[in-house]
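Enquirer: There's a structure below that I have some questions on.
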Amino acid sequence: MRVDDLDRTIRETLQHEVAAESYCLEGLEDRIATEVAGRLPRRGLFDRLRGLLAPTRGARAGQLAVIGATAAVFLFVGWFIADRTSLLSPGGPGPALAAAAGADQVLFVMPAPGAHSVAVVGSFNDWEPTPLSDKNNDGIWRAQLSLPPGRYEYAFVVDGRWWGQDPLADEYVRSFGEYNSVRYVGQVGGGA
Amino acid sequence: MKARLAKGLVVVLAIGLTVAAGGIAQSDTDRVRSALGSLAVKTQDEILSAFQIGFSQGRLAPSEAYHLIDRLAAADGDAAEKEAILLTIAHALQDDLPVSLLVEKAEEGLARRVSLSMILNGSAGQPRILGLKQREFLLGAVRDLLFSKGIFSVPEGGQGEPAALPVLRFDHVVNAISDFLADYIEAGKSPLEGSAMMDELSHRLNNLCALQTPVIPQEDLQLVLDRVGPGDLTTIALKLVEQP
């Protein structure tokens, strides 16, 4: 901001104070400072990057440090993401809980008053527990998961005990001598 | 002088980080080999080469393999039985079969803390429990049935025009029918009720076809319903229950 602009801003703010009959001097300095700050042009990302790359003598080491560290971080993050999601693998997605295109929101509900922990395990999460929550303490535990269309077997685990007969299931099957619930997610014309 | 020193340090740091990231991102085979090392399996090369086939065909994701091996390593039980579970999956891959159902059942069994012997061999008691060996048999029997019906291959004297499906689509059909037959038998229903079995299979396949992204496309569903009959299902189901 140029000096001329600063003067004009202060003048306009004072005029505004008078017009608003804010004769009280207390806090006037703060109000002007706030007004001036609000009119200062913000430094964009491009300007910041240009500043970093400016060929000043002392900044060269900093520039190289930033470029080198950024490259290393990108490499590491890229590897980490590829490794975790198996995006580079021909086997497709890993656990279906990973965000998937065309995924449906599926609500899992389990009434378990007094329970300490409730989770859902199934073919969509490699049978690893995904916790349900009872935020309003009404004994109804819920979790909403994003699942791609498909047929999934699952069961609830209430305080360590498996419960495979979900009233909201589409069907039930026996597995290892116990019940599993089944949901068809992404049915045309039907809910999940 | 100081600037040069700083520049040198930055270059060394960047190279070091890059090399470290590259080193960590070792190949899938190396990671599976390393995970198998924790199980001390004797048939590591056989399992590795079969899993590599699965990775390249898209029938087994490396993440699924690591997860199962890690879970086996953490489970209680005999190391030979852990190895037998992995070998069953490896043999299925070598036999050109889909393995997602086998991996899934092994994961479920381990999560339920079922004994390794039960996961592998099931139980002929009541209720009947199918282990990975019986499920591998089912996958092979259903695959052979489809072949005999001219689906995917061109057998001599096959019925109708041969229908060649892409491998993963064919796998979905094999999986769907095998999984249905396993559920049917585990539910304690009679393998002699061919018509009832066929009706239930049709219902299952229609459900899989009616999804927004169908697991079984309409044309594949129609192929199966046109060419597979109650007698075919009864034959496989009877052979399954006669399995040791």
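What follows is calculated from the coordinates using simple rules that are stated; it is not laboratory data. The structure presented is a predicted model; accordingly, all values stated were derived computationally and were not measured. So basically every Cβ, Gly included, is an ideal-geometry build from the backbone, and we count neighbours across all protein chains shown.
Enquirer: Taking only the alpha carbons of chain B, what extent do you get along each of the three principal axes, in Å, biggest first?
Expert: Extents along the principal axes: 87, 42, 34 Å.
Enquirer: Here's something else I'd like to know. If exposed GluC sites (Glu not before Pro) are those in a DSSP loop with at most 16 other Cβ within 10 Å, what is the longest stretch of chain B that has none?
Expert: Result, exposed sites excluded: B:1-155.
Enquirer: Whose amide H sits under 5 Å from the amide H of A:Trp141, counting only residues 5 or more places off or on another chain, with H placed in the peptide plane?
Expert: The list, which skips near neighbours in sequence, is A:Met110, A:Ala112.
Enquirer: At 0.890 mPa s and 25 °C, plugging the Kirkwood radius over alpha-carbon pairs of the stretch B:158-230 into Stokes-Einstein gives what diffusion coefficient in µm²/s?
Expert: 190 µm²/s
Enquirer: Test of understanding: given chain B, find the longest segment containing no trypsin sites (Lys or Arg not before Pro) that are in a DSSP loop and have at most 12 other Cβ atoms within 10 Å.
Expert: Value returned for the longest uninterrupted segment is B:114-244.
Enquirer: Two-decimal Rg/Rh of the stretch B:192-244 from alpha-carbon positions, Kirkwood Rh?
Expert: 1.06
Enquirer: Which whole DSSP H helices in chain B pass both tests: a Cα extent of 15 Å or more along the axis and a mean Kyte-Doolittle value no lower than 0.0?
Expert: Membrane-span-like by this criterion, though nothing is claimed about a membrane: B:2-24, B:44-57, B:79-94, B:100-111, B:132-148, B:167-186, B:230-241.
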